[in-house]
Amino acid sequence: MSFIEFKNISKAFGPLQVLTEVDLSIEQGEVVVLIGPSGSGKSTLLRCINGLEMITGGDLVVDGLSVHAGKKTLREIRQEAGMVFQQFNLFPQMTTLQNVALGPRKVRGVAKAEAEKQAQELLDKVGLSDKGEHYPAELSGGQQQRVAIARALAVKPKVMLFDEPTSALDPELKQEVLNVMLQLAKEGMTMVVVTHEMSFAKQVGTRLIFMEHGKIAVDDDPRTVIDTPPNPRMKDFLSHVE
Amino acid sequence: MQVDWSIMFDFIPQLIAGAKVTIYITVLGLIGGIILGVIAGLMRAYSGKILNAIDFTYIELIRGTPIVVQVMFLYFVLPVLADIRIDPMSAAVLAIVVNAGAYIAEIVRGAFLSIHKGLTEAGLAIGMPHWQVLLYIVGPLAFRRLIPPLGNQFIVSLKDTSLFIVIGVGELTRTGQEIMAANFRAVEIWTAVAICYLIMTGTMTIALRAVEKRMKIL
Ligand SMILES: Nc1ncnc2c1ncn2[C@@H]1O[C@H](COP(=O)(O)OP(=O)(O)OP(=O)(O)O)[C@@H](O)[C@H]1O
Ligand SMILES: [Mg+2]
């Protein structure tokens, strides 16, 4: 079985059908880039993986764990799937070090000193060695997003989910976040990334998925399809993002 | 009769005794009210349909009736309907618990729900159970927003104790009335009573401001 498997899944919000009978398999080590027009269901697809949205049909299995298997299993899935949000969502009352250390302490049961030591190492990794004692409000957007990546990594996930991680950032701050993501991809992290950064997709993407009306319209090698889109609407879409 | 302000000082011991009863009812009532309010507020915000409906009914019953009627129920109606007899003091404390509890529940619910949903999602996404997210992330943020409206409720509840004059509890207002009945010094007595209330509410306000100042709203 694949590492992440969508088995004929559907998702509706009340009467609104957002994902329709999606089948998708993702293997470990893949970097899957999701693109598509606004409202096509990219965020929803991503959020179904860690159960922030519950699928309304079919089954979704992450590392052998089904999202239907109850709360405890869902928490296990979430420990295996770190998530990075467009709006960072750092905990404002905690320092960056505390933000990063919280997950390991509460979820993995790591002692405070050890958790903070690991948190510092992760802050080093994302280039924020000296920001541990700062509060999120004292950091730039790019710095906050790098802390958010460190926070997700702290729980030692096997896959990282990114939902438009650079969309809320000024152009000059995007690159520092993308660099961290490129680094992660090169280290072999499995990643599912909703982004409009086609350069990222070309550099490290192993697959590019174009979504349309809650369905996967194109699923192929990024370098091939970005240069020659197989679908007129994808061509149109790409001409708008680049 | 001429107004003689110096006479106010003669009532001080009696007024202090009355104020003590007022403080006693307020403090006990608010401790209970906070506990009840936090439970009811979190239930309103996060529980399933049935608990939520029970909770909603409680809050609306209390908010829709005057506190005087509520204490009358506790003191005069419960003995008849349920054969539960309580003394005036307990009825007064209980009335504050039940009454403040309903308002505090709405304050708690509002404060928790005002915290950006993304933070809850971020907590859940690292694998924390919902109760931990509420305890470590949402709770501390909500607490900061809770303080101003909670302070308001404290002051309202303190002043509400004056209404327990209707069941004969010897709190500050009733003390004032008793002194009045003996010497008819309306101006001096009600001025003194008002000053006593102002001292108590003023102390509360200053204490709450101090707490508020130490906590940044995030
Ligand atoms: N919680 C929700 N309740 C109701 N409808 C929702 C909810 N979340 C998303 N939707 C709807 O589902 C559809 C797909 O939303 P989704 O956020 O997945 O799109 P998206 O592809 O990520 O779009 P964008 O590029 O704008 O982020 C939209 O029509 C949206 O309005
Ligand atoms: Mg989206």
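Determine the percent antiparallel among the DSSP beta bridges restricted to chain A, to the nearest 5.
Given both bridge residues lie in chain A, the antiparallel proportion sits at roughly 55 percent.
Name the residues of the stretch A:66-96 whose accessible area, probed at 1.4 Å, falls by at least 30 Å² once all protein chains are in place instead of their chain on its own?
Buried by the other chains: A:Arg75, A:Arg78, A:Phe85, A:Asn89, A:Phe91, A:Pro92, A:Gln93.
Using protein chains only and a probe of 1.4 angstrom, how many square angstrom of B:Trp131 are accessible, to the nearest 10?
Spelled out: B:Trp131, probe radius 1.4 Å, area about 150 Å².
Once the convex hull of the C-alpha atoms of the protein assembly as shown is built, how many Å³ does it hold per residue, rounded to a whole number?
200
Using the Cα atoms as the points, what is the convex hull volume per residue of the stretch B:1-130 in Å³?
193
Under a 5 Å amide H to amide H cut-off, with H placed in plane at 1.01 Å, what residues pair with A:Ala217 once short-range neighbours are removed?
A:Phe210, A:Met211, A:Glu212
Along the Cα→Cβ direction, 7 angstrom out, place labels at B:Asn52 and B:Asn183. What is the inter-label distance in nm?
Placing both labels 7 Å beyond Cα along the Cβ direction yields 5.9 nm.
Rounded to the nearest 0.05, what FRET efficiency do B:Val68 and B:Val211 give with R0 = 30 Å and r taken as the Cβ-Cβ distance? Could you check?
With R0 = 30 Å, the Cβ-Cβ based efficiency is 0.45.
Enter the accessible area of B:Leu113 (Å², nearest 10), with the probe set to 1.4 Å and all protein chains included.
90
Gap in Å between the Cα centre of the stretch B:1-75 and the Cα centre of the stretch B:159-218?
13
Can you give me the convex hull volume of the Cα atoms of the stretch A:90-177, divided per residue and expressed in Å³?
Taking only Cα atoms, the stretch A:90-177 has a hull volume of 93 Å³ per residue.
Buried accessible area for the B:A pair, summed, 1.4 Å probe, in Å² rounded to 100?
That pair of chains buries around 1700 Å² in total.
On a C-alpha basis, how far is the centre of the stretch B:89-134 from the centre of the stretch A:169-242 in Å? Whole number, if you could?
Comparing the Cα centres of the stretch B:89-134 and the stretch A:169-242, I get a distance of 41 Å.
Could you provide, to the nearest whole Å², the per residue accessible area of chain B with probe 1.4 Å?
Value returned for chain B: 52 Å² of accessible area per residue.
Say R0 is 41 Å: what FRET efficiency, to the nearest 0.05, do A:Ala217 and A:Ala137 get from their beta-carbon distance?
For R0 = 41 Å, the calculated efficiency reads 0.50.
Between A:Gln175 and A:Lys72, what FRET efficiency follows from the Cβ-Cβ distance if R0 is 41 Å, with the result rounded to 0.05?
The calculated FRET efficiency here is 0.55.
Using 0.36 nm per residue, how much length does the chain from B:Asp10 to B:Leu113 gain when fully extended, once their Cα-Cα distance is taken away?
Contour length minus the Cα-Cα distance gives 32.0 nm.
In nanometres, what is the gap between the two model label sites at B:Ile39 and B:Ile84, each 7 Å from Cα along Cα-to-Cβ?
Here the modelled spin labels are 1.3 nm apart.
Working with all protein chains in place, sort A:Ile9, B:Ile34 by solvent-accessible area computed with a 1.4 Å probe, largest first.
The ordering from most to least exposed comes out as B:Ile34, A:Ile9.
Which of the DSSP-defined H helices in chain B satisfy a minimum axial length of 15 Å, computed from C-alpha atoms, and a minimum mean Kyte-Doolittle hydropathy of -1.0?
Going by DSSP H runs, the hits are B:12-46, B:49-63, B:88-113, B:139-160, B:172-183, B:186-214.
Please report the antiparallel percentage of the DSSP beta bridges confined to the protein assembly as shown, to the nearest 5.
55
Given labels modelled 7 Å from the Cα in the Cβ direction, how far is it in nm from A:Lys186 to A:Ser25?
Placing both labels 7 Å beyond Cα along the Cβ direction yields 3.1 nm.
At a 1.4 Å probe, what is the % contribution of carbon and sulfur to the accessible area of the stretch B:50-143?
Result for the stretch B:50-143: 74 percent of the exposed heavy-atom area is carbon or sulfur.
DSSP loop (so not H, G, I, E, B), at most 16 other Cβ within 10 Å: list which GluC sites (Glu not before Pro) in the stretch A:90-171 pass both filters.
Of the GluC sites (Glu not before Pro), the ones in loops of the stretch A:90-171 whose Cβ has at most 16 other Cβ atoms within 10 Å are A:Glu133.
Please give the Cα centre distance for the stretch A:35-95 versus the stretch A:133-156, rounded to the nearest Å.
Using only Cα atoms to place each centre, the spacing works out to 19 Å.
Taking accessible area as the heavy-atom solvent-accessible surface of the protein chains with a 1.4 Å probe, which residues of the stretch B:72-121 lose no less than 10 Å² upon going from the isolated chain to the full protein assembly?
B:His116, B:Gly118, B:Leu119, B:Glu121
When the distances between all Cα atoms of the stretch B:111-199 are binned every 5 Å from zero, what whole-number percent does each bin get?
Per 5 Å bin, starting at 0, the Cα pair percentages come out as 3, 12, 16, 13, 9, 7, 6, 7, 8, 7, 6, 4, 2, 1, 0.
The values are calculated or read from the model by the stated rules, or taken from the named source; none is laboratory data. Source: prediction; values computed, not measured. Neighbour counts are summed over all protein chains in view; Cβ atoms, including those assigned to glycine, are modelled from backbone coordinates with ideal geometry. Heads up: the accessible areas ignore ligands, DNA and RNA and are worked out on the full protein's heavy atoms, side chains in. Shrake-Rupley method; radii C 1.70, N 1.55, O 1.52, S 1.80 Å.
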